[in-house]
Amino acid sequence: MATNSGGSGGGDSLQFSTKLEVMVNGQKLEDEVVTSVVVEQDIDQPSMAQVAVDNITREFSGGVSIGDEIQILFGREGEGEGSAEEVFSGQVATVEPKYSAEGESVVTLRAFDKLHQLVRGRNSRAWEEKTEKVILSDVLDPYGLSLDTDLEYDVIHAYQHNQTDYEFLMHRAKMYGAFVRLDGNKVIVKKPDHERDFRSDIVLETKDKADYELRHFSPRMNASEILSEVEVRGWDPIKKEEVVGVATPGSGPHGRLGPALGHQMSGGSKKSFSVDSPIFSEEEAKAKAQSLLYDSMMSFVTGTGVVAGRSALSAGQVVEVKLYNKDRTFDANYRFNGRYLLSGVTHRYTREKSGNLGGYQSLVRFRRDATQS
């Protein structure tokens, strides 16, 4: 248990005690043996965890095996029984003990979620006249993973060319601008929907004693990579004609200011062409063009933040940020207030030591396609 304190400038910053549960094969590790925990979540790669534990009796270096199940839960003391939420579930991938002449011993357990199974081995295979859902299910079925997707496209031809199953899965998802995440044994492959993914109950605020206290916030506004149009070209082998898909900025959940500023700063329209992968239908071409344009637009405002530890934060969510003025007033029209997509979250815990408060923090990585004004 660690007391979190500090904050964004006031003297009465939120203080709380961390509730941490680390389970290995269903058995909870004693609180006093866990020295640190790091959980990394990103929208474009498998989740990873790193747990450091005291290893005086060599119980962990000799007893934990590769492939053991591990779960990590965080919460706050005083929030009631069962309030700790799971932030990671996966399998141990490495066991790394460290020994010293003074007798101290620590072992670090590194783990990945079940998507890491798709990284092993490479395959070459093809699909003809299938739906995207069937193709992705064929990839996931051998691993005991189910699929939840909104990609209902008809695919004339798809080829996995000496790729790992994970590389192929991410390639197919990225073609349509979809995010990939894991929920238990279910792989969710869906396009971002900023209204569906908005968590109205999560507001990151730079004020003392906020429920989600935003301790540091570092945004970056950059229009150098913003595009005004993306064009994808391919070839229909049946009709023997060129296939073209075009995407231009629309009125998305965050508005159009990002693309507008990019156009203004560059001195004219910035167009991009893509011909780097096989495209067989206009539907595929348009979907890929929209995906490439979305990535460009969402690079307009990016950055990082530090939040007093909260297990409810996870990659793929859309949350609101409220930045308060020095006099503690709030201006809703300030350009960096508003909604952001969390592209990644790091949950980090360090046990209290002499002279070191320790505690639990959530580091967030964010992006969006516009400012407020």
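Since every read-out is calculated from the coordinates, none of them should be taken as a lab result. Just so it is clear, the structure is predicted and the values come from calculations on it, not from any experiment.
Under 5 Å from the amide H of LYS19 lie the amide H atoms of GLY75, ARG76, GLU77, each residue being 5 or more positions distant or on a separate chain, with H modelled from the backbone and absent for Pro and chain starts.
For LYS133, a cut-off of 18 angstrom between C-alpha atoms picks up these aspartates and glutamates, skipping any fewer than 8 places away in its own chain: ASP141, ASP148, ASP150, GLU152, ASP154, ASP165, GLU167, ASP183, GLU283, GLU284.
Give the Rg/Rh ratio for the range 107-251, taking Rg as the radius of gyration of the Cα atoms and Rh as the Kirkwood radius, to two decimals.
Details: Rg = 19.9 Å, Rh = 18.9 Å.
In the range 107-251, Rg relative to Rh is 1.05.
For a 21 Å ceiling on Cα separation, which of these pairs sit above it: LYS209/LYS322; LYS19/LYS98; LYS19/LYS326; LYS174/LYS286; LYS190/LYS239; LYS239/LYS286? Working shown, then result.
Values: LYS209/LYS322 14 Å; LYS19/LYS98 27 Å; LYS19/LYS326 32 Å; LYS174/LYS286 13 Å; LYS190/LYS239 30 Å; LYS239/LYS286 18 Å.
Check vs 21 Å cut-off fails for LYS19/LYS98; LYS19/LYS326; LYS190/LYS239.
Per-residue Karplus couplings for the range 125-140, computed as 6.51 cos²θ - 1.76 cosθ + 1.60 with θ equal to phi - 60°, are listed in order as 7, 9, 10, 10, 6, 10, 8, 4, 5, 5, 4, 5, 5, 4, 6, 8 Hz, Gly and Pro entered as x.
Figure the gain on full extension for GLU69 and LYS209 (residue separation times 0.36 nm, minus the Cα-Cα span) and round it to one decimal in nm.
Working: separation 140, 0.36 × 140 = 50.40 nm, distance 3.60 nm.
Fully extending the segment from GLU69 to LYS209 adds 46.8 nm.
Semi-axes of the equivalent ellipsoid for the range 162-226, computed as √(5λ) from the eigenvalues of its C-alpha gyration tensor and ordered from largest down, come to 32, 19, 12 Å.
Mind checking the log10 I(q)/I(0) for the range 117-190 at q = 0.21, 0.23 Å⁻¹? Debye, one equal scatterer per Cα, no solvent, two decimals. Here the Debye-derived log intensity ratios amount to -0.91, -1.11.
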